[in-house]
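The values are calculated or read from the model by the stated rules, or taken from the named source; none is laboratory data. Note that this is a predicted model, so its numbers are computed, not measured. Neighbour counts are summed over all protein chains in view; Cβ atoms, including those assigned to glycine, are modelled from backbone coordinates with ideal geometry. When the accessible area is computed, the model is the full protein with side chains, heavy atoms only, and any ligands, DNA or RNA have been set aside. Shrake-Rupley method; radii C 1.70, N 1.55, O 1.52, S 1.80 Å.
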Amino acid sequence: MDTQTIAILDFGSQYTQLIARRIREQNVFSVVLPCTAPLEEIKAYKPIGVILSGGPSSVYDADAPAADPGVLKLGVPVLGICYGLHFITHHLGGKVLSAPKREYGHADVHIKDRETALFKGLPETIQVWMSHGDEASELPAGFKLTAATSNALAGIANEERRIWAVQFHPEVHHTPLGPELIKNFIFGICGAKGDWTAAHFIETTVAAIREKVGKGHVICGLSGGVDSSVAAVLVHKAIGDQLTCIFVNNGVLRKNEFESVQRNLRDKLGLKIVGVDSSERFLKQLAGVTDPETKRKRIGGEFIAVFDEEATRIAKESGGVDWLVQGTLYPDVIESSSVKGPSQTIKSHHNVGGLPEKMKLKLIEPLRDLFKDEVRRIGREMGIAEDVLGRQPFPGPGLAVRIVGEVTPERVAILQEADEIVIAEIKSAGLYNQIWQSFAVLLPVKSVGVMGDQRTYAYTAAVRAVHSEDGMTADWTPLPYDVLKRISNRIVNEVRGINRVVYDITSKPPGTIEWE
Ligand code: XMP
């Protein structure tokens, strides 16, 4: 298959995968390579263009990440972003200065050269997102200034050499016309056709998995959610019955989920699934624990133990297990990585951190570079049912991070009932697919109420509904009052143990989506 590829060299920016995503949105394939990738490796992709990402370093740092300057002479167009601009400037004889003050946030950029292909069709002034310390102070020979803010350089180009660079980040949401700029680069400058599809992703991923796994045996931890289902179907497509899926009841699933997930995936997707009910073991681990991270770690640890046991058992039956599939997505990767900077660990997601070291299994993570909406697109292409694909994300530690304080079997049962009502009412209002996540949280706060002639003293449920693009940021959803009213009435009337319902109106940041 002859795929037109844009090669993105990553200098350690938290935004690099966003560049790849913006390109995939245009049906153009891109590959992210570490900036240190040898020139031969880059050339092997026969890229139609190269993008040099941003990065947290200064080109003068002793350990500044560096690419082979040969990338600037490959004969294909180059776009430098932020650190990429500094790299180009530094290596082609210009000067980069340590700016006295870090520039971080919104800025207005004036386009000086509206003829340059990169800015085609853009207005004279555009809003952008800046995040840098250094700045280019002297341009390399042959370069011209193409854009500037009121006090700094914002864009340079050498059209003869087919090199363009911008100081700001066109790939982030806060640069509203960024996608236009990226389109100008990939279509106008690199000549991309835009004929890359989800089917291509599936084809290349399936082929890669087949080659990697060979005759090995693979297990997959299913959660019932979109990510692990899509990952499992991809792997199943590649190696068929060499894959066995394991679905663990960790005691903090939603009501009836253990049964319905198995039915759904076996009947609709034909996967080989082993259902393991370990709820008692998990709940024992959670007894007396109130700290959120400890909950995650206990659940993660138990998961690993259950997996080890199941893998050993399956290995005995099938003559060995070598691989574990995980539906890790890009937002999980950056939120779990321990690199310093804005994407440092916020919550340790047990499905990424710690697992590979403890397990004797190697990892297959076919969705690692993708965002949620892209995973849905891939799933749709493979014919996965809409009700599986449309399912809102559910965290690995399940209801445990939605029960503030200690997780007890009684509290799990109470929250399962409340959660079922929230989901049912949101579905019947036709809102389920428009909302990123909607759920109930059980608070360890008891208050006084009155039911008929009876005084009650029971827990509080918080209802949470958020809109989000990828879980990294989120806005609380203004649910219609009548929906809130039905949810509240039903919870208080139908769920024994809850007598008060409140609505969470916190966005992320500063809040997180889950309460713990
Ligand atoms: P937060 O609460 O960090 O959540 O804003 C962002 C997204 O991640 C999910 N989440 C988790 N998923 N293991 C998971 O698999 C976890 O420990 C975990 N914590 C949060 C959350 O539901 C939301 O979609």
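The table below gives the values:
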{"quantity": "Elements of type strands (runs of 3 or more DSSP E) in the stretch 390-482, at least 3 residues being more than 12 Å from the ligand (Cβ to nearest atom) and touching a strand residue (DSSP E or B) at 6+ places or on another chain (Cβ under 6 Å)", "calculated": "437-451, 454-468"}
{"quantity": "Those strands (runs of 3 or more DSSP E) lying entirely in the stretch 1-113 with at least 3 residues open to solvent by 10 Å² or more (accessible area, probe 1.4 Å) and either in contact with a Phe, Trp or Tyr (Cβ under 6 Å, 6 or more places away or on another chain) or at pLDDT below 95 (or both)", "calculated": "29-34, 95-111"}
{"quantity": "Qualifying positions in the stretch 237-274 - among the small types (Gly, Ala, Ser) and surrounded by 16 or more Cβ atoms within 10 Å (Cβ to Cβ)", "calculated": "Ala238, Gly251"}
{"quantity": "Residues that are charged (D, E, K, R) and open to solvent by less than 20 Å² (accessible area, probe 1.4 Å), drawn from the stretch 381-424", "calculated": "Arg402, Asp419"}
{"quantity": "Total residues in the stretch 145-162, condition among the hydrophobic types (A, V, I, L, M, F, W, C) and surrounded by fewer than 23 Cβ atoms within 10 Å (Cβ to Cβ)", "calculated": "4"}
{"quantity": "Given (1) in a helix (DSSP H, G or I); (2) under 19 Å from Leu85 (Cα atoms), index of the condition Ala141 fails", "calculated": "(1)"}
{"quantity": "Candidates Ser260, Ser278, Ser228, filtered to the one that is among the polar types (S, T, N, Q) and touching a helix residue (DSSP H, G or I) at 6+ places or on another chain (Cβ under 9 Å)", "calculated": "Ser278"}
{"quantity": "Which numbered condition Gly398 misses (of (1) at positive phi; (2) in the same structural domain as Trp476 (by TED's automatic domain parsing))", "calculated": "(2)"}
{"quantity": "Matching residues in the stretch 490-506 - criterion: being within 16 Å of the ligand (Cβ to nearest atom) and open to solvent by 30 Å² or more (accessible area, probe 1.4 Å)", "calculated": "Ile505, Thr506"}
{"quantity": "Members of the stretch 426-442 that are open to solvent by less than 20 Å² (accessible area, probe 1.4 Å) and farther than 17 Å from Trp476 by Cα", "calculated": "Leu442"}
{"quantity": "Conditions (1) within 29 Å of the chain's Cα centre (by Cα); (2) surrounded by fewer than 17 Cβ atoms within 10 Å (Cβ to Cβ); number of the one not met by Gly142", "calculated": "(1)"}
{"quantity": "Qualifying positions in the stretch 164-184 - in a helix (DSSP H, G or I) and surrounded by fewer than 23 Cβ atoms within 10 Å (Cβ to Cβ)", "calculated": "Pro179, Glu180, Lys183, Asn184"}
{"quantity": "Residue in the stretch 8-23 that is basic (Lys, Arg) and touching a residue at least 60 places away in the same chain (Cβ under 8 Å) present", "calculated": "yes"}
{"quantity": "Some residue of the stretch 462-472 being surrounded by 15 or more Cβ atoms within 10 Å (Cβ to Cβ) and over 19 Å from Gln392 (Cα atoms)", "calculated": "no"}
{"quantity": "Out of Leu370, Leu363, sole residue that is away from the ligand (no atom under 12 Å from the Cβ), at negative phi, at pLDDT 80 or above and in a loop (DSSP other than H, G, I, E, B)", "calculated": "Leu370"}
{"quantity": "Residue within the stretch 256-276 that is within 16 Å of the ligand (Cβ to nearest atom) and of a type outside the set (A, V, I, L, M, F, W, C) present", "calculated": "yes"}
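Here is a yes/no grid of residues against (1) acidic (Asp, Glu); (2) touching a helix residue (DSSP H, G or I) at 6+ places or on another chain (Cβ under 6 Å); (3) in the same structural domain as Ser260 (by TED's automatic domain parsing):
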{"position": "Glu417", "(1), (2), (3)": "yes, no, no"}
{"position": "Tyr432", "(1), (2), (3)": "no, yes, no"}
{"position": "Trp436", "(1), (2), (3)": "no, no, no"}
{"position": "Gly452", "(1), (2), (3)": "no, no, no"}
{"position": "Ser468", "(1), (2), (3)": "no, no, no"}
{"position": "Trp515", "(1), (2), (3)": "no, no, no"}
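Each row is one residue, and each column tells you yes or no for (1) surrounded by fewer than 18 Cβ atoms within 10 Å (Cβ to Cβ); (2) closer than 19 Å to Gly383 by Cα; (3) touching a residue at least 60 places away in the same chain (Cβ under 8 Å); (4) within 16 Å of the ligand (Cβ to nearest atom).
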residue: Lys215; (1), (2), (3), (4): yes, no, no, no
residue: Ile219; (1), (2), (3), (4): no, no, yes, no
residue: Asp227; (1), (2), (3), (4): no, yes, yes, yes
residue: Val230; (1), (2), (3), (4): no, yes, yes, yes
residue: Val235; (1), (2), (3), (4): no, yes, yes, no
